Amino acid sequence: MITITNSKIAGFEPRWAPFRGFSLLFDNPGDSVSSMGRDWLKVDCSVDESEDLQLYKGFAEFLNEIGRYRLTNTYLFCPLPPYSYHVTVWDGLNDGNVQDVSADCHLRLKNFLKNLPGSLLTDKEFTNEVRHSPLITSTNRSIRFKFKRLAKWGNEVLVASLMPADQDSERELKRIVEDRKALSAWFRERFGVTMRSSYSPHVTLGYFANEEYAASATPEIDRWTESVKKRVDQLTITFSGISLYGFTDMVTFFKETQRG
């Protein structure tokens, strides 16, 4: 545990490193976006005000209950701000897999990522197939999730795993999984990059800055899971659409403004 000995210091605030890319996200319900300039809507969840985001609010309250000071100083855990909460449908190309694409498009992808968000409007090479995927174009979509459990992945990230809340949502999730496979197969054929095949719907709650400190949190996960369940056991979140989002770090996600 890091002990602060200076009475003028209360704690540490995470500074998020640049990390650029694009993904498909479920469109959050309720009051969940704000304007980011003329062309973009930024993920900006009002978890304290929106009835549709009560599940997110429960996750945020759980972290507050443990104490963000304790999480940071004991586990070097950096909680994400609740306004950035979202559920990813499919991870696209980003700074983490840019080295894996075919040599013939490597430089173009680097430039695309460097020029986000503008390149999302002007350069369709990497996003055109995504925009035409049934994941986006399917209509009358509705899927409802509930909390499953907390999970710590690779001593890097703490997530709230979700599961379908009813049979209709189970069927919809199966369709989403198949559409993900088709899109990933196209990207592998076109760009030579292998996308993650498995899909576990989740909300990322934050990241651990150090693997050793993260490992020390392992014994707490089951207890924390029970604490979250007490808060959110009867809560669900419903999504009715999926959109293409760009991001420039782990708290800044944005989609194109739709104009009539």
**Message:** Can you pull out every residue in region 164-178 that is within 20 Å of residue 232 (Cα to Cα) and buried (at least 17 other Cβ atoms within 10 Å of the Cβ)?
**Reply:** 164, 165, 169
**Item:** Residues being charged (D, E, K, R) and in a strand (DSSP E or B) - total across region 127-166
**Value:** 5
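Would you point out which residue out of 113, 120, 135, 109 is buried (at least 19 other Cβ atoms within 10 Å of the Cβ) and under 17 Å from the mean Cα position of the chain (by Cα)? Lay out the reasoning, then the answer.
Values: 113 fails: under 17 Å from the mean Cα position of the chain (by Cα); 120 fails: under 17 Å from the mean Cα position of the chain (by Cα); 109 fails: under 17 Å from the mean Cα position of the chain (by Cα).
The unique qualifying residue is 135.
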**Asked** Within the set of pairs 6+ apart or on separate chains, which have a first residue in region 46-75 that is free of Cβ contacts under 8 Å to residues at least 24 places away in the same chain and within 20 Å of residue 240 (Cβ to Cβ), a second that is of a type in the set (Gly, Ala, Ser) and outside any helix (DSSP H, G or I), and C-beta atoms under 9 Å apart?
**Response** 49/30; 50/30; 50/32; 51/30
**Flag if residue 217 is more than 27 Å from residue 94 (Cα to Cα) and either touching a residue at least 40 places away in the same chain (Cβ under 8 Å) or hydroxyl-bearing (Ser, Thr, Tyr) (or both)** = yes
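Would you mind stating whether residue 112 is touching a residue at least 60 places away in the same chain (Cβ under 8 Å) and among the aromatic types (Phe, Trp, Tyr)? Give the derivation first.
Values: touching a residue at least 60 places away in the same chain (Cβ under 8 Å): no; among the aromatic types (Phe, Trp, Tyr): yes.
The answer is no for residue 112.
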**Request:** Scan region 245-260 for residues that are out of contact with any Lys or Arg (no Cβ under 6 Å at 6 or more places or on another chain) and crowded, with 17+ Cβ neighbours inside 10 Å and report the count.
**Result:** 6
**Asked** Looking only at residues in region 77-106 that are outside any helix (DSSP H, G or I) and among the acidic types (Asp, Glu), which one is nearest to the chain's Cα centre (by Cα)?
**Response** 91
**Complete:** With the first residue restricted to region 118-144 and required to be farther than 17 Å from residue 169 by Cβ, and the second required to be hydroxyl-bearing (Ser, Thr, Tyr) and in a loop (DSSP other than H, G, I, E, B), Cβ contacts under 8 Å at 6 or more apart or on different chains are 120/127
**Asked** What number goes with the only condition from (1) at pLDDT 95 or above; (2) not in a helix (DSSP H, G or I) that residue 169 does not pass?
**Response** (2)
**Message:** Filter region 172-205 down to the residues that are in contact (Cβ under 8 Å) with a residue 60 or more places away in the chain, farther than 22 Å from residue 95 by Cβ and in a helix (DSSP H, G or I) and list them by number.
**Reply:** 176
**Message:** Here is a check on your reading of the model: is residue 74 at pLDDT below 95 and within 28 Å of residue 155 (Cβ to Cβ)?
**Reply:** yes
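Table: residues versus (1) out of contact with any Phe, Trp or Tyr (no Cβ under 6 Å at 6 or more places or on another chain); (2) surrounded by fewer than 18 Cβ atoms within 10 Å (Cβ to Cβ).
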position: 158; (1), (2): yes, no
position: 180; (1), (2): no, no
position: 188; (1), (2): yes, yes
position: 194; (1), (2): yes, yes
position: 224; (1), (2): yes, no
position: 233; (1), (2): yes, yes
position: 237; (1), (2): no, no
**Asked** What are the pairs, 6+ residues apart or on separate chains, where a residue within region 153-171 that is at positive phi has its Cβ under 8 Å from a residue that is part of a strand (DSSP E or B)?
**Response** 155/208
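Please find, among 74, 88, the residue that is over 20 Å from residue 254 (Cβ atoms) and among the β-branched types (Val, Ile, Thr).
Working: 88 fails: over 20 Å from residue 254 (Cβ atoms).
Answer to the check: 74.
The values are calculated or read from the model by the stated rules, or taken from the named source; none is laboratory data. Nothing here was measured: the structure is a model prediction, and the numbers come from that model. FYI the Cβ positions are ideal-geometry reconstructions off the backbone, even for glycines, and counts take in every protein chain you see.
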